[in-house]
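One structure is given here, and the rest of the page talks about it.
The values are calculated or read from the model by the stated rules, or taken from the named source; none is laboratory data. Here the structure is a predicted model, which is why all the values come from computation and not from measurement. A quick note on method: Cβ atoms are made from the backbone with ideal geometry, for glycine too, and the neighbour counts reach across all protein chains shown. The accessibility values were calculated without ligands, DNA or RNA, using every heavy atom of the protein model including side chains. Shrake-Rupley method; radii C 1.70, N 1.55, O 1.52, S 1.80 Å.
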Number of protein chains: 2
Amino acid sequence: MSTPADPGARLGAELSDAVVMFHEALGALMGLSAADNKALGVIRREGPMSARELADRTGLTAGAVTGLVDRLEHAGYARRTRHETDRRRLVIEATAPASPQVNEAVAEMARAMGRVTEQFSPDELLVVARWVELTTATMREQAVRTAARTA
Amino acid sequence: MSTPADPGARLGAELSDAVVMFHEALGALMGLSAADNKALGVIRREGPMSARELADRTGLTAGAVTGLVDRLEHAGYARRTRHETDRRRLVIEATAPASPQVNEAVAEMARAMGRVTEQFSPDELLVVARWVELTTATMREQAVRTAARTA
DNA sequence: CTAAATGATTTAGTGAACTAAACCATATCG
DNA sequence: CGATATGGTTTAGTTCACTAAATCATTTAG
(Lines give C-alpha, C1' and ligand atoms only; values in the text may rest on other atoms or scores of the structure.)
Protein backbone atom coordinates (compact mmCIF):
# COMPACT_ATOMS: atom_id res chain seq x y z
CA MET A 1 0.00 0.00 0.00
CA SER A 2 2.75 2.44 0.84
CA THR A 3 4.78 2.90 -2.34
CA PRO A 4 4.12 -0.44 -4.05
CA ALA A 5 6.74 -1.96 -6.28
CA ASP A 6 4.72 -1.72 -9.51
CA PRO A 7 5.45 1.75 -10.90
CA GLY A 8 1.91 2.16 -12.23
CA ALA A 9 0.48 1.40 -8.82
CA ARG A 10 2.91 3.76 -7.16
CA LEU A 11 1.91 6.60 -9.47
CA GLY A 12 -1.72 5.83 -8.83
CA ALA A 13 -1.26 5.79 -5.09
CA GLU A 14 0.51 9.14 -5.17
CA LEU A 15 -2.15 10.73 -7.33
CA SER A 16 -4.85 9.35 -5.08
CA ASP A 17 -3.01 10.69 -2.08
CA ALA A 18 -2.68 14.14 -3.57
CA VAL A 19 -6.36 14.19 -4.50
CA VAL A 20 -7.36 13.31 -0.96
CA MET A 21 -5.03 15.94 0.45
CA PHE A 22 -6.54 18.63 -1.72
CA HIS A 23 -10.03 17.50 -0.86
CA GLU A 24 -9.25 17.67 2.84
CA ALA A 25 -7.63 21.09 2.51
CA LEU A 26 -10.65 22.42 0.63
CA GLY A 27 -13.00 20.97 3.23
CA ALA A 28 -11.02 22.65 5.98
CA LEU A 29 -11.13 25.95 4.10
CA MET A 30 -14.88 25.55 3.85
CA GLY A 31 -15.01 25.05 7.60
CA LEU A 32 -16.57 21.62 7.26
CA SER A 33 -15.83 18.51 9.25
CA ALA A 34 -14.95 15.44 7.23
CA ALA A 35 -18.38 13.98 7.91
CA ASP A 36 -20.21 17.13 6.85
CA ASN A 37 -18.05 17.41 3.77
CA LYS A 38 -18.88 13.84 2.87
CA ALA A 39 -22.59 14.50 3.26
CA LEU A 40 -22.32 17.57 1.07
CA GLY A 41 -20.63 15.37 -1.51
CA VAL A 42 -23.63 13.06 -1.45
CA ILE A 43 -26.02 15.95 -2.06
CA ARG A 44 -23.90 17.35 -4.86
CA ARG A 45 -23.47 13.96 -6.49
CA GLU A 46 -27.03 12.71 -6.25
CA GLY A 47 -28.90 15.99 -6.45
CA PRO A 48 -31.66 17.40 -4.22
CA MET A 49 -33.14 14.91 -1.79
CA SER A 50 -35.27 14.66 1.33
CA ALA A 51 -33.88 14.43 4.85
CA ARG A 52 -34.90 10.80 5.01
CA GLU A 53 -32.96 9.97 1.86
CA LEU A 54 -29.93 11.82 3.14
CA ALA A 55 -30.20 9.91 6.40
CA ASP A 56 -30.21 6.62 4.49
CA ARG A 57 -27.26 7.65 2.33
CA THR A 58 -25.13 8.77 5.24
CA GLY A 59 -26.21 6.13 7.73
CA LEU A 60 -27.31 8.79 10.22
CA THR A 61 -30.59 9.01 12.10
CA ALA A 62 -33.24 11.56 11.20
CA GLY A 63 -32.37 13.70 14.20
CA ALA A 64 -28.70 13.86 13.26
CA VAL A 65 -29.61 14.94 9.75
CA THR A 66 -31.49 17.92 11.10
CA GLY A 67 -28.31 19.11 12.78
CA LEU A 68 -26.20 18.27 9.75
CA VAL A 69 -28.38 20.29 7.39
CA ASP A 70 -28.47 23.13 9.93
CA ARG A 71 -24.70 23.33 9.78
CA LEU A 72 -24.47 23.08 5.99
CA GLU A 73 -27.19 25.68 5.57
CA HIS A 74 -25.69 28.04 8.09
CA ALA A 75 -22.29 27.75 6.40
CA GLY A 76 -23.93 28.53 3.06
CA TYR A 77 -23.39 25.25 1.22
CA ALA A 78 -26.94 23.91 1.18
CA ARG A 79 -30.51 25.09 1.29
CA ARG A 80 -33.79 23.76 2.67
CA THR A 81 -36.94 24.04 0.60
CA ARG A 82 -40.36 22.53 1.12
CA HIS A 83 -41.40 19.76 -1.21
CA GLU A 84 -43.84 20.87 -3.89
CA THR A 85 -46.63 18.40 -3.29
CA ASP A 86 -45.77 16.68 0.01
CA ARG A 87 -45.42 19.42 2.57
CA ARG A 88 -43.97 17.16 5.23
CA ARG A 89 -40.85 16.65 3.16
CA LEU A 90 -37.82 18.81 2.70
CA VAL A 91 -35.86 19.29 -0.45
CA ILE A 92 -32.23 19.65 0.52
CA GLU A 93 -30.03 21.00 -2.23
CA ALA A 94 -26.45 22.14 -2.57
CA THR A 95 -25.79 25.80 -3.31
CA ALA A 96 -22.77 27.48 -4.85
CA PRO A 97 -20.35 28.46 -2.09
CA ALA A 98 -20.62 32.13 -1.21
CA SER A 99 -17.12 32.42 0.25
CA PRO A 100 -14.66 34.24 -2.05
CA GLN A 101 -11.88 32.29 -0.37
CA VAL A 102 -13.39 28.98 -1.43
CA ASN A 103 -14.26 30.14 -4.91
CA GLU A 104 -10.78 31.50 -5.41
CA ALA A 105 -9.20 28.23 -4.28
CA VAL A 106 -11.36 26.30 -6.74
CA ALA A 107 -10.62 28.75 -9.53
CA GLU A 108 -6.90 28.56 -8.84
CA MET A 109 -7.04 24.79 -9.01
CA ALA A 110 -8.87 25.02 -12.33
CA ARG A 111 -6.21 27.35 -13.72
CA ALA A 112 -3.41 25.10 -12.48
CA MET A 113 -5.03 22.09 -14.15
CA GLY A 114 -5.45 24.18 -17.28
CA ARG A 115 -1.68 24.65 -17.37
CA VAL A 116 -1.27 20.88 -17.17
CA THR A 117 -3.69 20.32 -20.02
CA GLU A 118 -1.81 22.82 -22.16
CA GLN A 119 1.17 20.55 -22.22
CA PHE A 120 -0.59 17.82 -24.17
CA SER A 121 -1.59 17.60 -27.81
CA PRO A 122 -5.25 17.03 -28.70
CA ASP A 123 -4.47 13.39 -29.51
CA GLU A 124 -2.71 12.91 -26.23
CA LEU A 125 -5.62 14.49 -24.39
CA LEU A 126 -7.93 11.94 -25.93
CA VAL A 127 -5.78 9.19 -24.48
CA VAL A 128 -5.72 10.86 -21.10
CA ALA A 129 -9.50 11.37 -21.18
CA ARG A 130 -10.00 7.71 -21.97
CA TRP A 131 -7.78 6.70 -19.06
CA VAL A 132 -9.52 9.10 -16.70
CA GLU A 133 -12.93 7.76 -17.64
CA LEU A 134 -11.95 4.13 -17.19
CA THR A 135 -10.19 4.89 -13.95
CA THR A 136 -13.14 6.84 -12.60
CA ALA A 137 -15.49 3.98 -13.37
CA THR A 138 -13.10 1.53 -11.73
CA MET A 139 -12.67 3.59 -8.59
CA ARG A 140 -16.42 4.05 -8.27
CA GLU A 141 -17.02 0.36 -8.58
CA GLN A 142 -14.28 -0.49 -6.11
CA ALA A 143 -15.63 2.11 -3.70
CA VAL A 144 -19.00 0.40 -3.78
CA ARG A 145 -17.50 -3.08 -3.41
CA THR A 146 -15.28 -1.96 -0.56
CA ALA A 147 -18.16 -0.27 1.21
CA ALA A 148 -20.13 -3.49 0.87
CA ARG A 149 -17.36 -5.41 2.65
CA THR A 150 -17.74 -3.16 5.66
CA ALA A 151 -21.43 -3.89 6.19
CA MET B 1 -17.75 23.03 -8.73
CA SER B 2 -20.60 20.63 -9.39
CA THR B 3 -20.27 19.49 -13.01
CA PRO B 4 -18.43 22.46 -14.50
CA ALA B 5 -18.97 23.36 -18.12
CA ASP B 6 -15.41 22.62 -19.24
CA PRO B 7 -15.34 18.90 -20.10
CA GLY B 8 -11.78 18.47 -18.82
CA ALA B 9 -12.74 19.97 -15.49
CA ARG B 10 -15.83 17.80 -15.30
CA LEU B 11 -13.81 14.64 -15.88
CA GLY B 12 -11.31 15.78 -13.30
CA ALA B 13 -14.01 16.49 -10.74
CA GLU B 14 -15.56 13.08 -11.27
CA LEU B 15 -12.24 11.30 -10.95
CA SER B 16 -11.45 13.25 -7.82
CA ASP B 17 -14.84 12.37 -6.43
CA ALA B 18 -14.39 8.69 -7.13
CA VAL B 19 -10.94 8.71 -5.54
CA VAL B 20 -12.30 10.31 -2.40
CA MET B 21 -15.17 7.84 -2.27
CA PHE B 22 -12.82 4.89 -2.48
CA HIS B 23 -10.56 6.38 0.12
CA GLU B 24 -13.48 6.85 2.50
CA ALA B 25 -14.76 3.34 1.89
CA LEU B 26 -11.32 1.88 2.59
CA GLY B 27 -10.99 3.96 5.75
CA ALA B 28 -14.36 2.67 6.92
CA LEU B 29 -13.31 -0.90 6.19
CA MET B 30 -10.19 -0.30 8.24
CA GLY B 31 -12.36 0.90 11.09
CA LEU B 32 -10.72 4.30 11.16
CA SER B 33 -12.34 7.65 11.66
CA ALA B 34 -11.62 10.24 9.00
CA ALA B 35 -9.25 12.03 11.36
CA ASP B 36 -7.34 8.89 12.25
CA ASN B 37 -7.16 7.88 8.61
CA LYS B 38 -5.74 11.27 7.77
CA ALA B 39 -3.11 10.97 10.48
CA LEU B 40 -2.15 7.53 9.21
CA GLY B 41 -1.76 9.10 5.78
CA VAL B 42 0.69 11.59 7.23
CA ILE B 43 2.78 8.82 8.78
CA ARG B 44 2.77 6.77 5.60
CA ARG B 45 3.63 9.75 3.46
CA GLU B 46 6.37 11.28 5.58
CA GLY B 47 7.75 8.17 7.18
CA PRO B 48 8.46 7.39 10.85
CA MET B 49 8.29 10.39 13.16
CA SER B 50 8.05 11.36 16.80
CA ALA B 51 4.80 12.14 18.60
CA ARG B 52 5.71 15.81 18.65
CA GLU B 53 6.18 15.89 14.89
CA LEU B 54 2.89 14.09 14.38
CA ALA B 55 1.20 16.59 16.69
CA ASP B 56 2.58 19.44 14.60
CA ARG B 57 1.53 17.83 11.32
CA THR B 58 -2.00 17.12 12.46
CA GLY B 59 -2.52 20.25 14.52
CA LEU B 60 -3.35 18.19 17.61
CA THR B 61 -1.95 18.57 21.12
CA ALA B 62 0.53 16.10 22.55
CA GLY B 63 -2.13 14.50 24.71
CA ALA B 64 -4.42 13.90 21.78
CA VAL B 65 -1.61 12.25 19.84
CA THR B 66 -1.15 9.71 22.62
CA GLY B 67 -4.75 8.63 22.16
CA LEU B 68 -4.49 8.73 18.38
CA VAL B 69 -1.44 6.47 18.29
CA ASP B 70 -3.09 4.17 20.84
CA ARG B 71 -5.98 3.67 18.44
CA LEU B 72 -3.80 3.19 15.35
CA GLU B 73 -1.55 0.78 17.19
CA HIS B 74 -4.43 -1.19 18.64
CA ALA B 75 -6.06 -1.46 15.21
CA GLY B 76 -2.75 -2.73 13.81
CA TYR B 77 -1.85 0.11 11.45
CA ALA B 78 1.04 1.66 13.34
CA ARG B 79 3.71 0.79 15.84
CA ARG B 80 5.54 2.59 18.65
CA THR B 81 9.26 2.16 19.05
CA ARG B 82 11.75 3.94 21.26
CA HIS B 83 14.16 6.30 19.57
CA GLU B 84 17.66 4.87 19.19
CA THR B 85 19.63 7.59 20.90
CA ASP B 86 17.06 9.82 22.59
CA ARG B 87 15.04 7.60 24.85
CA ARG B 88 12.41 10.20 25.59
CA ARG B 89 11.24 10.11 22.00
CA LEU B 90 8.98 7.71 20.20
CA VAL B 91 9.35 6.52 16.66
CA ILE B 92 5.88 6.09 15.24
CA GLU B 93 5.75 4.11 12.05
CA ALA B 94 3.07 2.66 9.82
CA THR B 95 2.78 -1.10 9.55
CA ALA B 96 1.25 -3.23 6.81
CA PRO B 97 -2.41 -3.86 7.63
CA ALA B 98 -2.95 -7.29 9.15
CA SER B 99 -6.63 -7.53 8.18
CA PRO B 100 -7.23 -9.91 5.25
CA GLN B 101 -10.34 -7.87 4.45
CA VAL B 102 -8.29 -4.73 3.94
CA ASN B 103 -5.52 -6.46 2.04
CA GLU B 104 -8.01 -8.11 -0.23
CA ALA B 105 -9.75 -4.82 -0.96
CA VAL B 106 -6.42 -3.24 -1.84
CA ALA B 107 -5.42 -6.21 -3.98
CA GLU B 108 -8.72 -6.15 -5.80
CA MET B 109 -8.28 -2.47 -6.55
CA ALA B 110 -4.80 -3.19 -7.88
CA ARG B 111 -6.16 -5.92 -10.17
CA ALA B 112 -8.94 -3.65 -11.39
CA MET B 113 -6.47 -0.92 -12.22
CA GLY B 114 -4.32 -3.50 -13.94
CA ARG B 115 -7.22 -4.24 -16.26
CA VAL B 116 -7.43 -0.53 -17.06
CA THR B 117 -3.73 -0.35 -17.82
CA GLU B 118 -4.01 -3.34 -20.16
CA GLN B 119 -6.15 -1.32 -22.48
CA PHE B 120 -3.38 1.09 -23.38
CA SER B 121 -0.31 0.71 -25.56
CA PRO B 122 3.14 1.37 -24.07
CA ASP B 123 3.25 4.72 -25.86
CA GLU B 124 -0.13 5.67 -24.54
CA LEU B 125 0.89 4.66 -21.03
CA LEU B 126 3.82 7.03 -21.25
CA VAL B 127 1.43 9.84 -22.01
CA VAL B 128 -0.83 8.85 -19.15
CA ALA B 129 2.11 8.59 -16.77
CA ARG B 130 3.25 12.05 -17.75
CA TRP B 131 -0.23 13.43 -17.10
CA VAL B 132 -0.52 11.64 -13.77
CA GLU B 133 2.84 13.00 -12.62
CA LEU B 134 2.03 16.57 -13.57
CA THR B 135 -1.43 16.32 -12.06
CA THR B 136 -0.10 14.85 -8.83
CA ALA B 137 2.40 17.67 -8.48
CA THR B 138 -0.32 20.22 -9.19
CA MET B 139 -2.75 18.75 -6.70
CA ARG B 140 -0.07 18.60 -4.02
CA GLU B 141 0.85 22.20 -4.58
CA GLN B 142 -2.76 23.32 -4.56
CA ALA B 143 -3.42 21.32 -1.42
CA VAL B 144 -0.61 23.19 0.31
CA ARG B 145 -1.79 26.57 -0.99
CA THR B 146 -5.36 25.85 -0.01
CA ALA B 147 -4.33 24.71 3.45
CA ALA B 148 -2.36 27.93 3.81
CA ARG B 149 -5.51 29.97 3.11
CA THR B 150 -7.23 28.35 6.05
CA ALA B 151 -4.61 29.41 8.60
C1' DC C 1 -63.86 11.27 9.09
C1' DT C 2 -60.96 8.97 12.08
C1' DA C 3 -56.79 6.17 12.65
C1' DA C 4 -52.45 4.95 11.37
C1' DA C 5 -48.26 6.06 8.97
C1' DT C 6 -44.63 9.15 7.48
C1' DG C 7 -41.30 13.28 7.51
C1' DA C 8 -38.88 16.37 10.15
C1' DT C 9 -37.66 18.63 14.52
C1' DT C 10 -36.83 18.89 19.47
C1' DT C 11 -35.18 17.11 23.73
C1' DA C 12 -32.42 14.54 27.01
C1' DG C 13 -28.67 11.79 27.62
C1' DT C 14 -24.36 9.47 26.02
C1' DG C 15 -19.76 8.69 24.23
C1' DA C 16 -15.58 9.77 21.84
C1' DA C 17 -12.00 12.68 21.19
C1' DC C 18 -10.26 16.98 22.28
C1' DT C 19 -7.53 20.71 25.34
C1' DA C 20 -4.93 22.30 29.28
C1' DA C 21 -2.25 21.26 32.86
C1' DA C 22 0.12 18.20 36.03
C1' DC C 23 3.41 14.66 35.93
C1' DC C 24 7.40 11.37 35.04
C1' DA C 25 11.51 10.27 32.42
C1' DT C 26 15.34 11.63 29.90
C1' DA C 27 18.49 14.92 27.95
C1' DT C 28 21.07 19.22 27.74
C1' DC C 29 23.23 23.38 29.55
C1' DG C 30 25.79 26.30 32.78
C1' DC D 1 26.40 18.17 39.38
C1' DG D 2 22.16 20.76 39.75
C1' DA D 3 18.86 23.46 37.06
C1' DT D 4 16.20 23.74 33.15
C1' DA D 5 14.18 22.10 28.91
C1' DT D 6 12.01 18.56 26.15
C1' DG D 7 9.14 14.30 24.94
C1' DG D 8 5.37 11.62 26.07
C1' DT D 9 1.58 10.12 29.17
C1' DT D 10 -2.07 10.85 32.43
C1' DT D 11 -5.90 13.23 34.34
C1' DA D 12 -9.84 16.25 34.77
C1' DG D 13 -13.01 18.71 32.44
C1' DT D 14 -15.20 20.33 28.08
C1' DT D 15 -17.22 20.08 23.60
C1' DC D 16 -19.82 18.33 19.93
C1' DA D 17 -22.19 15.34 17.19
C1' DC D 18 -24.65 11.34 17.79
C1' DT D 19 -28.87 8.13 19.19
C1' DA D 20 -33.41 7.21 20.97
C1' DA D 21 -37.62 8.81 21.96
C1' DA D 22 -41.23 12.29 22.31
C1' DT D 23 -43.60 15.65 19.54
C1' DC D 24 -45.84 18.22 15.74
C1' DA D 25 -47.46 18.48 10.99
C1' DT D 26 -49.09 16.32 7.08
C1' DT D 27 -50.53 12.57 4.27
C1' DT D 28 -52.61 8.07 3.32
C1' DA D 29 -55.64 4.16 4.41
C1' DG D 30 -59.71 2.10 6.29
Amide H proximity to B:Val91 below 5 Å, modelled H, separation 5+ or other chain, gives B:Thr81, B:Arg82, B:His83
Accessible area, 1.4 Å probe, largest first: how do A:Asp36, A:Asp56 sort? A:Asp56, A:Asp36
Give the residue from A:Ala18, A:Ser121, A:Leu134 lying farthest towards the positive end of the charge dipole for the protein assembly as shown; charges sit on Cβ (+1 for Lys and Arg, -1 for Asp and Glu) and the dipole is referred to the Cα centre. A:Ala18
Residues with amide H under 5 Å from that of A:Ala78, placed H, sequence gap 5 or more: A:Glu73, A:Thr95
Over chain B, what relative contact order in percent results from Cα pairs under 8 Å that are six or more residues apart? 16 percent
Arrange the residues B:Arg111, B:Arg149, B:Arg57 by how much accessible surface each exposes, largest first, with a 1.4 angstrom probe. B:Arg57, B:Arg111, B:Arg149
If the viscosity is 1.567 mPa s and the temperature 4 °C, what translational diffusion coefficient in µm²/s does Stokes-Einstein give for chain B when Rh comes from Kirkwood over Cα pairs? 72 µm²/s
Between 0 and 90°, nearest 10: helix B:62-75 axis offset from chain B longest Cα axis: 70 degrees
Would you kindly give the portion of the calculated P(r) for the protein assembly as shown that falls above 31 Å, as a percent of all Cα pairs? 34 percent
Helical contribution to [θ] at 222 nm, DSSP H n ≥ 4, -39,500 (n - 2.57), averaged over chain A, rounded to 500: -23000 deg cm²/dmol
Environment charge of A:Gln119, counting only residues whose C-beta is closer than 12 Å and scoring Lys/Arg +1, Asp/Glu -1: -1
Extended-chain gain in nm, criterion 0.36 nm per residue less alpha-carbon gap, A:His74 and A:Arg149: 23.5 nm
So the carbon and sulfur contribution to the accessible area of the range B:70-124, 1.4 Å probe, in percent, is 50 percent
Residue by residue through the range B:38-53, what is 3J(HN,Hα) from phi via Karplus (6.51 cos²θ - 1.76 cosθ + 1.60, θ = phi - 60°)? Round to whole Hz and write x for glycine and proline. 5, 4, 4, x, 4, 5, 5, 6, 9, x, x, 8, 7, 5, 4, 4
³J(HN,Hα), Karplus 6.51/-1.76/1.60, whole Hz, each residue of the range B:87-104, x for Gly, Pro: 7, 6, 6, 9, 10, 9, 9, 6, 10, 5, x, 7, 5, x, 3, 5, 4, 5
